[in-house]
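Undergrad: Sending over a structure as structure tokens; questions will come in a sec.
The values are calculated or read from the model by the stated rules, or taken from the named source; none is laboratory data. Just so it is clear, the model here is predicted, and its values are computed rather than measured. Here the Cβ positions follow ideal geometry from the backbone for every residue, glycine too, while neighbour counts run over all protein chains shown.
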Amino acid sequence: MILEGARASTERRDKYRSQLVILWVVLCLFGLGGCTATTVQPEDMRLTPETTAKRQSQMRIFDTGNEAEVLVAVVAVLQDIGFLIDESETQLGVIVGSKERSAIQPAEVAASYTLAIVATLLTGEAVDPVYAERQTMRVSVVTTPVEEKNGTAVRVNFQRLVFTNKGNISRKEVLGSDEIYQEFFAKLSKSLFLEAHSQ
Amino acid sequence: MSRARSVSAGIGVLVLAVLQAACVVPMPEDAIFEDDATQLQIRSIQSREYEVTDRIRVMRAVIATLLDLDFVIDEADSDLGVITATRMSGYLLSATVVVTEKDDAHLQVRARLQTGWTPLAGTAVYELHASNTVPDETYREFFNSLGKNLFVTSLWNPLP
């Protein structure tokens with residue numbers, strides 16, 4: 001009687017386990033279907049009409065031919081918004097910055113723990129919760145002299161790496177909506193004004 | 001009897017330990033020279049010469065092209081002519097581009113692309129496996145884009 005009960009319990013657990021495997025496969029297939037390519041695509045190195053739109057939203061021309069002054073203003077803005085300067089190259093007009101912040105979202109952590117508990121109960125093996133824990137945001141700002149207009153073009157772009165509580169990368173992406181660029185350039189305009197009037 | 005058994009067990013463990021020490025498989029060192037292609041082939045795929053003498057102008061064009069292609073610049077050194085950048089759209093792609101003088105009238109641009117890993121990831125294990133090769137076509141597309149930025153378009157104007 002006890003043996004039969006144990007056998008039934010084992011069969012039930014095996015059944016749950018196979019259902020869980022099927023569920024994972026289905027989820028993985030959905031995940032793959034929704035993702036972009038994960039290997040190098042040569043056409044990603046091609047300039048397209050979308051590049052034009054992207055360049056327009058990432059770039060502004062400021063009415064000053066003094067590129068060094070613009071670079072100083074850029075550094076000040078990056079510091080204002082919490083970035084540390086990693087690299088600067090005046091001759092090429094390049095400033096690179098980064099900042100690290102928490103990526104913990106309570107809803108995701110709660111869902112992750114729930115999933116881990118359910119998976120542990122179903123499989124009989126301890127499953128650790130995995131969730132986004134920290135993120136590194138990076139920015140590069142590049143200036144270019146526009147001699148015809150006696151101005152300086154400034155171009156900015158952002159990206160982000162998100163790490164899990166296990167130390168692996170869970171997300172890597174380009175950041176940048178039109179609003180982000182507009183806000184950045186509004187701050188840069190103000191910074192240039194402040195720099196110009198502080199001397 | 002039991003003493004003899006424990007002595008023979010001890011000898012067995014010792015023999016196994018010696019065998020294991022002898023069986024440590026050395027890591028192949030040929031990963032240093034991993035590419036099967038010849039040096040000439042590799043250089044011809046990864047390099048282009050341009051009839052320009054202004055190195056800074058070419059480096060600025062390289063930077064603009066990398067930004068157009070969704071890279072974020074990691075480092076730039078105008079003295080050495082080195083630019084490194086990382087792209088994080090879908091997959092990780094790191095680029096190292098070096099601009100050097102070929103002769104009095106030409107500059108050479110050499111690009112090396114690496115996928116699957118970036119120093120920015122720190123100790124995170126990610127995507128580093130043999131299938132992460134960069135197709136030769138990728139370099140052709142990159143140099144075509146650089147050529148357009150260098151000769152066809154103004155870097156601050158929209159593309160035609």
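Undergrad: Of all residues in region B:113-127, which are over 12 Å from the mean Cα position of the chain (by Cα) and either more than 7 Å from chain A (Cβ to nearest Cβ) or at pLDDT 85 or above (or both)?
TA: Listed by number, the residues that qualify are B:Gly122, B:Glu127.
Undergrad: From A:Leu161, A:Leu175, grab the single residue that is among the hydrophobic types (A, V, I, L, M, F, W, C), at the interface with chain B (Cβ under 10 Å from one of its Cβ atoms), over 19 Å from A:Ser57 (Cβ atoms) and without any contact (Cβ under 8 Å) to a residue 60 or more places away in the chain.
TA: A:Leu161
Undergrad: Are any residues in region A:66-122 more than 23 Å from A:Thr164 (Cβ to Cβ) and among the charged types (D, E, K, R), and if so, which ones?
TA: A:Glu67, A:Glu69, A:Asp80, A:Asp86, A:Glu87, A:Glu89
Yes/no per residue for (1) outside any loop (DSSP other than H, G, I, E, B); (2) over 18 Å from the mean Cα position of the chain (by Cα):
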residue: B:Arg48; (1), (2): yes, no
residue: B:Thr53; (1), (2): no, yes
residue: B:Arg57; (1), (2): yes, yes
residue: B:Val62; (1), (2): yes, no
residue: B:Leu66; (1), (2): yes, no
residue: B:Ala76; (1), (2): yes, no
residue: B:Ile83; (1), (2): yes, no
residue: B:Gly90; (1), (2): no, no
residue: B:Val98; (1), (2): yes, no
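Undergrad: While we're on this one: Could you tell me which numbered condition B:Gln108 fails, if it satisfies all but one of (1) crowded, with 17+ Cβ neighbours inside 10 Å; (2) within 14 Å of chain A (Cβ to nearest Cβ); (3) of a type outside the set (Ser, Thr, Tyr); (4) not in a loop (DSSP other than H, G, I, E, B)?
TA: Among (1) crowded, with 17+ Cβ neighbours inside 10 Å; (2) within 14 Å of chain A (Cβ to nearest Cβ); (3) of a type outside the set (Ser, Thr, Tyr); (4) not in a loop (DSSP other than H, G, I, E, B), B:Gln108 violates only (2).
Undergrad: So in region A:136-182, with the set limited to residues that are among the charged types (D, E, K, R) and more than 13 Å from the chain's Cα centre (by Cα), which one is nearest to B:Ile63 (Cα to Cα)?
TA: A:Arg155
Yes/no matrix, rows are residues, columns are (1) at the interface with chain B (Cβ under 10 Å from one of its Cβ atoms); (2) at pLDDT 90 or above; (3) buried (at least 16 other Cβ atoms within 10 Å of the Cβ):
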{"position": "A:Thr38", "(1), (2), (3)": "yes, no, no"}
{"position": "A:Asp44", "(1), (2), (3)": "yes, yes, yes"}
{"position": "A:Leu47", "(1), (2), (3)": "yes, yes, yes"}
{"position": "A:Ala53", "(1), (2), (3)": "yes, no, no"}
{"position": "A:Gln58", "(1), (2), (3)": "yes, yes, yes"}
{"position": "A:Phe62", "(1), (2), (3)": "no, yes, yes"}
{"position": "A:Gly65", "(1), (2), (3)": "no, yes, no"}
{"position": "A:Ala68", "(1), (2), (3)": "no, yes, no"}
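Undergrad: Only one residue in A:Glu108, A:Glu87, A:Glu69 is within 28 Å of B:Thr65 (Cβ to Cβ) and under 20 Å from the mean Cα position of the chain (by Cα), so which one is that?
TA: A:Glu87
Undergrad: Among the residues of region A:152-159, are any in contact with a Leu (Cβ under 8 Å, 6 or more places away or on another chain) and of a type in the set (Phe, Trp, Tyr)?
TA: Yes; the residues of region A:152-159 include at least one that is in contact with a Leu (Cβ under 8 Å, 6 or more places away or on another chain) and of a type in the set (Phe, Trp, Tyr).
Undergrad: Moving on to the next point. Select from region B:59-80 the residues that are crowded, with 22+ Cβ neighbours inside 10 Å and either of a type in the set (Gly, Ala, Ser) or more than 7 Å from chain A (Cβ to nearest Cβ) (or both) and write down the one among them that is nearest to B:Thr115 (Cα to Cα).
TA: For region B:59-80, the residue satisfying everything is B:Phe71.
Undergrad: A:Arg138 - would you say it is within 9 Å of another protein chain (Cβ to nearest Cβ), under 15 Å from B:Ile73 (Cβ atoms) and touching a residue at least 60 places away in the same chain (Cβ under 8 Å)? Spell out how you get there, then give the answer.
TA: Values: within 9 Å of another protein chain (Cβ to nearest Cβ): yes; under 15 Å from B:Ile73 (Cβ atoms): yes; touching a residue at least 60 places away in the same chain (Cβ under 8 Å): no.
Criteria not met by A:Arg138.
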